[in-house]
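Readers should treat all values here as calculations from the given coordinates under stated rules, not as data from a laboratory. Since the model is a prediction, treat every value here as computed from it, not as a measurement. All Cβ positions, even for glycine, are placed from backbone atoms using ideal geometry, and neighbour counts span all protein chains on display.
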């Protein structure tokens, strides 16, 4: 295998992993605050259609991403109001949000069928990316750099900042946090809003980064993968990065193996095709090997906050 | 016309259950004939389902208020489709078109319960008293675009993005490869299977993988234009629209398209149902009948290549060319069709092998 090919594979892997990573980072913060939002897929679709519509109409992808983030956040506020203010069941409400997002995006997207946009490529001058190795550094869409910066930012926020400590306290023991004077509901609203914005941006990766068109249900279940990745990564941002890239790698290797016409034939094609599933099983086994009670899940995850005031 | 997505179908289903079976025999002349369409994708997939949607529009134009149509989208190829079919039948639809291969078993099952409802299953092979099948000879179109690809490729490597290895798709791969090899015997076709009809991001990734391995022409048998967009961006020689003209997505890379024209079949079937002369059977027209049409040729295709492609197209129409004329050897080295022989329709429907030069 040549270096060229290796780099081509890596670039495809990064593209495939980026939306999953961004959405999962958002959900990680939401879950750390003790809220389980299963509406990621729906919010991603709303972000995807908004990002496409705004970019198509204005020609400005930055504005498209900003509006996608806003639309994702707005839809997450429906969820927040129902679950946080009205204490509705989080699982049911999250699923409803996914159904809503799917329907809304296909309705809103009807006007944009059959219309391509220019993909949102590298912000660096193309001369920088002529050499394959330099392309690996400078050849990506801004969305890719954004996802990597956010990994560090979320890690720093959760482990090194005071606000992050409060957020974790709310997720681990909402009553204690409440009793020392923190607004549990307020913190959770903010976390859900962040998760919604990230899911919206993740959705906008589909028309802006991966395939410059609007197609109904174009996220094709990646929101659920993002949700699974959060558990898989044990609520740790850097593990999430590794998990998202590992997932992108096994998915992409399967395609390259099939497309290679023999270069990957040291393993049978069926094995390449089953790699994503085998990897999932393997990681689940590794996770469960850890001592019981150490899954690192926030203790209040999914429980409505109802203080006995 | 009513458009129903899978979610609203749930609600309508509830209402449908509450209604008695709308006067099963009593659909008299005055009442419009209710016609249902069950589709695997959304009508804005820019490809396959869109083609059926256009066909339905032609049907409405022809019959006006003598018919009433319902178009159900995003129905999964599984138990869900059985429910949708049953609901349509319960709501008084007397003619139901199921437009995806995977609906077959469910169509047969539901049709048994509703003997006075007529079902037509696209690309299927199972028929009964009230279930007919219809299809288009897409592989004839594949032979035409294969001719273009054979002339145009420089790397002799062609990428083929497949959905599921079912006969319909296999016929396309083989017809394409045979036509390309007739022009250029060194052609190799690499197939990437995706196990989906509609996942644009994955189709695009498959296109990237194929281009990275040196393919300079891409062909897809999935429902959307994602692969063509990658072809456009990477600046390879090109690709082809599938199901509909997709040149809006890739003005440079879109070499031509295989376009399905379903309208005439829908009109003919509806007319027969209205006249009471419908009988179960199989309809499988192709280029000659105009159900499969080749789109405009891209300006960048040299004139002699267009001429060669046209020769194949016209040859298939007048019957002088059969895309599957022997000798055909499969990719394990077994001879499948002897010199001068062709494959009959039953043989085409059982195609589970690939010709020499296909890597799958």
Computed [θ] at 222 nm, helices only, for chain B once each DSSP H run of length n ≥ 4 contributes -39500 (n - 2.57): -12000 deg cm²/dmol
In degrees, nearest ten, helix A:237-259 long axis to first principal axis of chain A (Cα): 30
Spin-label model distance (nm) - residue B:80 vs residue B:154, 7 Å beyond Cα toward Cβ: 4.4
Per-pair calculated FRET efficiency, R0 = 41 Å: residue B:293 and residue A:280 via Cβ, rounded to 0.05: 0.40
Antiparallel DSSP beta bridges within the range B:98-230, as percent of all bridges there, nearest 5: 5
Helix-only [θ]222 nm of chain A, DSSP H runs n ≥ 4, -39500 (n - 2.57) each, per residue, nearest 500: -23000 deg cm²/dmol
Percent antiparallel among DSSP beta bridges (both partners in the protein assembly as shown, rounded to 5): 15
Gyration tensor (alpha-carbon) shape descriptor, the range A:4-112, a/c threshold 1.5: oblate
Cα gyration tensor category, rounded, prolate or oblate, for the range A:97-179 with a/c compared to 1.5: oblate
Cα centroid separation - the range B:155-200 against the range A:119-172, whole Å: 38
Computed E for residue B:320/residue A:130 - FRET, C-beta separation, R0 60 angstrom, nearest 0.05: 0.75
The range A:22-87 and the range B:280-359: distance between their alpha carbon centers, rounded to Å: 48
Rounded, prolate or oblate (a/c below 1.5 giving rounded, otherwise prolate when a/b exceeds b/c) for the protein assembly as shown by Cα gyration tensor: oblate
Nearest-0.05 FRET efficiency for residue A:111 and residue B:279, computed from C-beta distance (R0 51 Å): 0.75
Folded to 0 to 90 degrees: helix B:167-183 orientation relative to chain B principal axis, Cα: 30
Nearest 10 degrees, 0 to 90: helix B:138-152 Cα axis against chain B principal axis: 20
Inter-site label distance for residue A:161 and residue A:239 at 7 Å from Cα along Cβ, in nm: 2.2
